[in-house]
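Student: Next up is a structure, given as structure tokens.
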Amino acid sequence: VTNIRNTRSPHWRRWLGMENRCVVPFTSFAESNPNRARDGETNKWFAINDERPLAFFAGIHLQAHTSVRKIKTGMETIDVFAFLTTDPNAEVGAVHPKAMPVILTQASEIETWLSADWSEARHLQRPLDDDQLIELD
């Protein structure tokens with residue numbers, strides 16, 4: 001699993017068509033500050049609200065991707081999945097200032113992500129509004 005943020009990069013552009021898009025269900029997710037993780041800081045967990053309703057990450061399935069994951073195994077063909085990321089909203093940005101996953105909460109957003117041309121679907125690469133996530137205890 002990897003993150004995709006720079007959708008203008010030729011490296012990722014070929015995977016952004018609807019044939020490679022998927023959604024990944026979640027009820028909560030964790031983020032950590034990459035600069036503080038070395039110091040033993042634990043992950044912070046986020047959800048839409050205390051009831052943890054189902055939401056979806058905008059995902060990409062890099063089907064039968066051939067690459068080197070480990071030098072000792074060399075080239076191998078594997079299924080790889082990625083999450084589309086974007087700038088963080090206020091809640092996630094307080095923990096991870098660089099990025100957050102693209103979160104789809106409406107049926108219309110899921111439909112657009114799965115079936116629209118990239119020219120329309122790309123507009124979903126935005127953070128949730130501030131106050132649309134809570135940090136779980």
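The values are calculated or read from the model by the stated rules, or taken from the named source; none is laboratory data. As the structure is a computational prediction, the values presented were derived from the model and not from experiment. All Cβ positions, glycine included, derive from the backbone under ideal geometry; neighbour counts span all protein chains shown. When the accessible area is computed, the model is the full protein with side chains, heavy atoms only, and any ligands, DNA or RNA have been set aside. Shrake-Rupley method; radii C 1.70, N 1.55, O 1.52, S 1.80 Å.
Student: Name the single residue, out of those in region 95-120 being open to solvent by 40 Å² or more (accessible area, probe 1.4 Å), in contact (Cβ under 8 Å) with a residue 12 or more places away in the chain and not in a helix (DSSP H, G or I), that is nearest to ILE4 (Cα to Cα).
Tutor: This residue is LYS98.
Student: Restricting attention to region 48-92, which residues are touching a Pro at 6+ places or on another chain (Cβ under 8 Å) and of a type outside the set (Phe, Trp, Tyr)?
Tutor: Answer for region 48-92, where residues must be touching a Pro at 6+ places or on another chain (Cβ under 8 Å) and of a type outside the set (Phe, Trp, Tyr): LEU54, ALA55, ALA58, LEU84, THR85, THR86, ASP87, PRO88, ASN89, VAL92.
Student: Please verify whether region 121-129 includes one or more residues that are in contact (Cβ under 8 Å) with a residue 24 or more places away in the chain, touching a Leu at 6+ places or on another chain (Cβ under 7 Å), open to solvent by 20 Å² or more (accessible area, probe 1.4 Å) and over 21 Å from THR7 (Cα atoms).
Tutor: Scanning region 121-129, I find no residue that is in contact (Cβ under 8 Å) with a residue 24 or more places away in the chain, touching a Leu at 6+ places or on another chain (Cβ under 7 Å), open to solvent by 20 Å² or more (accessible area, probe 1.4 Å) and over 21 Å from THR7 (Cα atoms), so the answer is no.
Student: Within region 58-92, can you find the residues that are open to solvent by less than 20 Å² (accessible area, probe 1.4 Å), modelled with pLDDT of 90 or more and not polar (S, T, N, Q)?
Tutor: Passing the criteria: ALA58, GLY59, ILE60, ALA82, LEU84, VAL92.
Student: What are the residue pairs meeting all of these: first residue in region 1-26, first residue in a loop (DSSP other than H, G, I, E, B), second residue basic (Lys, Arg), Cβ atoms under 9 Å, and 6 or more apart or on different chains?
Tutor: Taking only residues 6 or more apart or on different chains, the pairs are ARG5/LYS98; THR7/ARG13; THR7/ARG122; TRP15/ARG21; LEU16/ARG122.
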